[in-house]
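Asker: The following block contains the structure, expressed as structure tokens.
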Amino acid sequence: MNIRALLSEKVAAAMAAAGIPAEFGPNLALSKNPQFGDYQANGAMAAAKAMKSNPRQIADSIIQHLDLTGLADKVEIAGPGFINIYLSSAWLAGISEEISTDAHLTVQAAEPAQTIVIDYSAPNLAKEMHVGHLRSTIIGDAMARLSEFLGHRVVRQNHIGDWGTQFGMLIAELEETLSETSQSFQLKDLESFYQQAKKHFDEDPAFADKAREYVVRLQRGDEGVYALWQQFIQLSLAHSEELYERLNVSLSREDVRGESYYNDQLASTVADLEAKGLVVEDQGAKVAFLEEFADKDGKPGAYIVQKQGGGFLYATTDLAAMQFRIQTLKADRILIFTDARQGLHFKQLFTLSRKAGYAPDAVELVHCAFGMMMGADGKPFKTRSGGTVKLAELVDEAIERSEKLVAEKNPELDAEQQQEVARKVAIGAVKYADLSKTRTNDYVFNWDAMLSFEGNTAPYLQYAYTRIQSIFRKAGESDAYLRAAIVLEHEQERALALKLAQFEEVLLQVYREAMPHSLCAYLYDLAGLTMSFYENCAILKEGVDPAVRDSRLRLSHGVASTLRCGLDLLGIEVMERM
Ligand code: ARG
């Protein structure tokens, strides 16, 4: 159910009938205050201004033609020409009945469905994943799940950093380690392995020569070196995959398409750009000079696509990936999740891709930038000794902390149940803390805040869900209430039903803006309204009319399904008790 779209359509029809040119839209918004109805159509003002007419009169003529029979009880003009719409409670009740029994919560499949390529996580395999990759992984995954739920065709692309000169050093190191440890080597700690290789490289000229030679041989496709490289990639990728598994992230091996994949397309891409006159030679390098990025003196921005000496770069790979995603994957929309510091790179990439014809205007390109993760001290998140935080250790700590909390709060659960709950709370808390903040801002990592059972947190939402489940357990086995009529008598019931009916609207907004925090805010509101509904509307108390009881149970059922679905789209699990 998309109330906003439905009302927009009705108001637009009324505007047309009132003789208002089609360029003026209904401009529908949620009312900020129930005093002004549930929705407002604010299009009369702009239309009146352009038509040099009185906005209240225009609003009045719109209302004359507006047919909201069955949908709204009251429509009125307020202020300079707002049209306030008061939805009918009976209509809302009908929608919440539908939501309570529909597996897809009345959310329509997108029409037409888009092919959306989502580039996220993308760790660099030479080193341990860092917190920036954590943000990319969590936010990108939520967008992938949500887009799929809306019926779009989602192509996940894990654009891992698996290519470049540092791999020569790493595979040379791997080769030596393997010969010492008789093949049973496990890459336990990527970071220290990298340090070890680097030290080796800096201190041993023979080793450094070998590392350089391996780079050349790797790029030439030498079989032995290639096999060694592959082995390194597998070992390193296994680290990320372990983390995906623990974090309940939906990326799999099939989604991996790393930088190496584009190796064969780099030279031809540069040649193509040169032939199109978009790239010229400059001091031995190949550069696209983009006037769109000119500095204040008018000097165009330089986007290097091939280094002096012939090496290719991150930019070249992304140009090749752009072509692949549009030509082969048939993307209608491409979302790339990285931290904001890569903003200029992607702006330039998109501009050059448009100019080169790699990305037609119809394909939407979005760099979904996010801010940095900060420590309590307001500086970039680091370990106490100033090192990068290992994500596996971060997850361990989350689980440890949450186990303590759950043991305190839920002593009645057995050890196994406690563990399960603690795991879901921990992972949920880490993810939700990230997802609930405006993506583009920096955010402060704070254990106590994210694990709190109060406020806009995962544990609070998970708790709200279990509270509904406990009511169902008390109510007994029968689900006959699912056939009961929902009646919205109390203010709290009506507010809750209205919120429920807005789920699709919010999902569409998140899809459009790639801003999952709007879904978090929605779920938080939904949980809050549920709590006040329970405070004000008795369900299982003695003396409650059975019809009222069943209506409230059915409404609760819709809420539980919506909470569960919403959290699932964020990659967060619920539990029956906690
Ligand atoms: N591996 C890169 C990094 O860690 C992120 C890659 C993002 N995707 C892309 N197509 N450039 O910064």
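Any read-out appearing in this document is the output of simple, stated calculations on the displayed coordinates, not a laboratory observation. If you're wondering where the values come from, they're calculated on a predicted model, not measured in any experiment. Positions of Cβ are generated from backbone atoms using ideal geometry, with glycine treated the same way; all protein chains shown enter the neighbour counts.
Asker: Identify the trypsin sites (Lys or Arg not before Pro) of the range 160-207 meeting these criteria: DSSP loop state and at most 14 other C-beta atoms within 10 Å of the C-beta.
Answerer: Taking the range 160-207 and a limit of 14 other Cβ atoms within 10 Å, the loop trypsin sites (Lys or Arg not before Pro) found are Lys188.
Asker: Could you sort the peptides 11-19, 334-342 by per-residue average Cβ neighbour count (10 Å cutoff), highest mean leading?
Answerer: 334-342, 11-19
Asker: Which value, in debye to the nearest 20, gives the size of the charge dipole of the chain about its Cα centre, when Lys and Arg are +1 and Asp and Glu are -1 at the Cβ?
Answerer: Dipole size: approximately 1280 debye.
Asker: What nm distance separates the two modelled labels at Asp414 and Asp545, each placed 7 Å from Cα along Cα→Cβ?
Answerer: 4.4 nm
Asker: Cα atoms only, the range 151-239: Rg and Dmax in Å?
Answerer: Calculated on Cα positions, Rg and Dmax stand at 14.6, 56 Å.
Asker: I would also like to ask the following. What residues have an amide H closer than 5 Å to that of Gly151, excluding those fewer than 5 places away on the same chain, when H is modeled at 1.01 Å from N in the peptide plane?
Answerer: Residues meeting the amide H criterion: Ala110.
Asker: Tell me the relative contact order for the chain as a rounded percent, counting alpha carbon contacts under 8 Å between residues six or more apart.
Answerer: Relative CO of the chain lands at 16 percent.
Asker: Let me ask another. What does the highest-first list of 141-147, 215-221 look like by mean Cβ count within 10 Å?
Answerer: Top to bottom by mean Cβ count within 10 Å: 141-147, 215-221.
Asker: Then there's this: Taking just the alpha carbons, could you work out the radius of gyration and Dmax for the chain, both in angstroms?
Answerer: 28.2, 88
Asker: List every residue whose amide H lies under 5 Å from the amide H of Val305, counting only residues 5 or more places away in sequence or on a different chain, with H placed 1.01 Å from N in the peptide plane.
Answerer: Correct list: Lys286, Val287, Ala288.
Asker: Compute the normalised compactness of the range 295-437: alpha-carbon radius of gyration over 2.2 N^0.38 Å, N being the residue count.
Answerer: Cα Rg divided by the expected 2.2 N^0.38 Å: 1.54.
Asker: List, in order, the whole-Hz ³J(HN,Hα) value for each residue of the range 317-333 obtained from phi through the Karplus relation with A = 6.51, B = -1.76, C = 1.60 and θ = phi - 60°; use x for Gly and Pro.
Answerer: Values per residue, Gly and Pro as x: 4, 5, 5, 5, 4, 4, 5, 4, 5, 8, 6, 8, 7, 6, 5, 9, 8 Hz.
Asker: Contact order normalised by length for the range 1-144, with contacts defined as Cα pairs under 8 Å and 6 or more residues apart; what percent is it?
Answerer: Relative contact order here is 18 percent.
Asker: Same structure, new question: Send over the per residue convex hull volume for the range 408-500, Cα only, as a whole number of Å³.
Answerer: Output value, Cα hull per residue: 153 Å³.
Asker: Based only on other Cβ atoms within 10 Å, what is the fewest-to-most ordering of Leu482, Leu237?
Answerer: Lowest to highest Cβ neighbour count: Leu482, Leu237.
Asker: If you don't mind, another one. For Ser478, Ser532, Ser136, what ranking results if the residue with the fewest other Cβ atoms within 10 Å of its Cβ goes first?
Answerer: If I rank by nearby Cβ atoms, fewest first, I get Ser478, Ser532, Ser136.
Asker: Something else about it: What FRET efficiency, computed as 1/(1 + (r/R0)^6) with R0 = 60 Å and r the Cβ-Cβ distance, is obtained for Arg220 and Asn446, rounded to the nearest 0.05?
Answerer: 0.75
Asker: Okay, moving on. Give the Rg (one decimal place) followed by the Dmax (whole number) of the range 3-87, computed from C-alpha coordinates and expressed in Å.
Answerer: Computed over the Cα atoms of the range 3-87, radius of gyration and Dmax are 11.4, 34 Å.
Asker: Another question, if that's okay. Determine, for each peptide in 104-112, 90-98, the mean count of other beta carbons within 10 angstrom over its residues, then list the peptides with the highest first.
Answerer: 90-98, 104-112
Asker: About its Cα centre, how strong a charge dipole does the range 112-241 have in debye, to the nearest 20, once Lys and Arg get +1 and Asp and Glu get -1 at the Cβ?
Answerer: Roughly 580 debye, rounded to the nearest 20.
Asker: I would also like to ask the following. Cα-Cα over 28 Å: which of Lys188/Lys409; Lys424/Lys499; Lys431/Lys499; Lys127/Lys379?
Answerer: In this structure, Lys188/Lys409 exceed 28 Å between Cα atoms.
Asker: Oh, and also: Rounded to whole Å and sorted largest first, what semi-axes of the equivalent ellipsoid does the C-alpha gyration tensor of the range 54-184 yield via the square root of 5 times each eigenvalue?
Answerer: In descending order, the three semi-axes are 58, 19, 12 Å.
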